[in-house]
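Following: one structure in structure tokens, then a few remarks.
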Amino acid sequence: MIGHVSIGKPAYNCISYCLEDKRELSEEQKEKLSKAEQLQHQNRAEVLHYNQCFGNKKELAAQFRDVQKLSRRCEKPVLHLSLRLAPGEKLSKSQLTEMGQACAEEFGVGDHQYICVLHKDTKEQHIHIAANRVGFDGKAAKDGNSYKRMSALCRRHDLSFQLVFD
């Protein structure tokens, strides 16, 4: 399993990326690719879990911004996490949801606003977590050692979900 961590400022951009189809492809290209690759390029995103938030991308971004106002010190309040399985590995949606929730907990945003989204546009299953680093108490989740924490989390998931590399 491969994990990626990034932090940033605009919640809308991160949420849009997680929820929307790729903009650079036309509808014809998406349809062609879907048939050729037997993958889903139209409606590629499926929300697996909403935590402390709900709605479309504009509503979610507005909810994130409202809570971000509770902390003036947090300059980069959006946490974007992704977990990609190795080729040939498959998990159920409930297992992917469990994995996403564990990832949010590991990064200190388990009780913050976040969405966990499954993308269906690559051969490897992968999920994205778009989270608000600022909690309802006004404190921001720590972002130190994020790559080290992600690496350790991926190894634990490999073992707990009995993932095997081909």
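The values are calculated or read from the model by the stated rules, or taken from the named source; none is laboratory data. Predicted model, so just to flag it, every value in this text is computed and none were measured. Backbone-built Cβ (ideal geometry, glycine too); neighbour counts: all protein chains shown. Side chains included, ligands, DNA and RNA excluded: accessible areas come from the protein's heavy atoms. Shrake-Rupley method; radii C 1.70, N 1.55, O 1.52, S 1.80 Å.
Looking at THR97, THR122, which is the one that is open to solvent by less than 50 Å² (accessible area, probe 1.4 Å) and at pLDDT below 95? Can you show your working first?
Numbers: THR97 fails: at pLDDT below 95.
On inspection, the qualifying residue turns out to be THR122.
Within the group LEU19, LEU48, LEU39, which residue is touching a residue at least 40 places away in the same chain (Cβ under 8 Å), more than 13 Å from GLN113 (Cβ to Cβ), touching a Cys at 6+ places or on another chain (Cβ under 7 Å) and open to solvent by 30 Å² or more (accessible area, probe 1.4 Å)?
Details: LEU19 fails: touching a Cys at 6+ places or on another chain (Cβ under 7 Å); LEU39 fails: touching a Cys at 6+ places or on another chain (Cβ under 7 Å).
Within the list LEU19, LEU48, LEU39, the selection yields LEU48.
Note on region 1-16: among residues that are open to solvent by less than 70 Å² (accessible area, probe 1.4 Å) and assigned to a helix (DSSP H, G or I), the one that is nearest to HIS49 (Cα to Cα) is ILE15. Residue check: is CYS116 within 17 Å of PHE54 (Cα to Cα) and not in a loop (DSSP other than H, G, I, E, B)? Answer is yes for this residue. In the set (1) surrounded by 15 or more Cβ atoms within 10 Å (Cβ to Cβ); (2) of a type in the set (Ser, Thr, Tyr); (3) over 12 Å from the mean Cα position of the chain (by Cα), the condition left unmet by SER82 is number (3).
For region 125-166, the set of residues classified as hydroxyl-bearing (Ser, Thr, Tyr) and open to solvent by 50 Å² or more (accessible area, probe 1.4 Å) consists of TYR147, SER151, SER160, listed by residue number.
Could you list, in sequence order, the residues of region 23-36 that are open to solvent by 70 Å² or more (accessible area, probe 1.4 Å) and either touching a His at 6+ places or on another chain (Cβ under 7 Å) or part of a loop (DSSP other than H, G, I, E, B) (or both)? Result: ARG23, GLU24. Among the residues here, ALA86 qualifies as out of contact with any strand residue (DSSP E or B) (no Cβ under 6 Å at 6 or more places or on another chain), closer than 20 Å to CYS154 by Cα and either part of a strand (DSSP E or B) or of a type in the set (A, V, I, L, M, F, W, C) (or both).
Here's the yes/no breakdown for (1) open to solvent by 70 Å² or more (accessible area, probe 1.4 Å); (2) closer than 23 Å to SER146 by Cβ; (3) in contact (Cβ under 8 Å) with a residue 40 or more places away in the chain:
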{"residue": "ASN56", "(1), (2), (3)": "yes, no, no"}
{"residue": "SER71", "(1), (2), (3)": "no, yes, yes"}
{"residue": "GLU75", "(1), (2), (3)": "yes, yes, yes"}
{"residue": "ALA86", "(1), (2), (3)": "no, yes, yes"}
{"residue": "LYS90", "(1), (2), (3)": "yes, no, no"}
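Go through the residues of region 117-135 one by one and say whether even a single one is on the phi < 0 side of the Ramachandran plot, among the basic types (Lys, Arg) and in contact with a His (Cβ under 8 Å, 6 or more places away or on another chain). Before the answer, list the steps.
As a first pass, look at region 117-135 and keep what is on the phi < 0 side of the Ramachandran plot: 117-135.
Pick out the ones that are also among the basic types (Lys, Arg) and you get 120, 123, 133.
Within this subset, residues satisfying the condition of being in contact with a His (Cβ under 8 Å, 6 or more places away or on another chain) are 133.
Checking region 117-135: at least one residue is on the phi < 0 side of the Ramachandran plot, among the basic types (Lys, Arg) and in contact with a His (Cβ under 8 Å, 6 or more places away or on another chain).
Filtering PHE54, PHE107 for residues that are among the aromatic types (Phe, Trp, Tyr) and more than 14 Å from VAL134 (Cα to Cα) leaves a single hit, PHE54.
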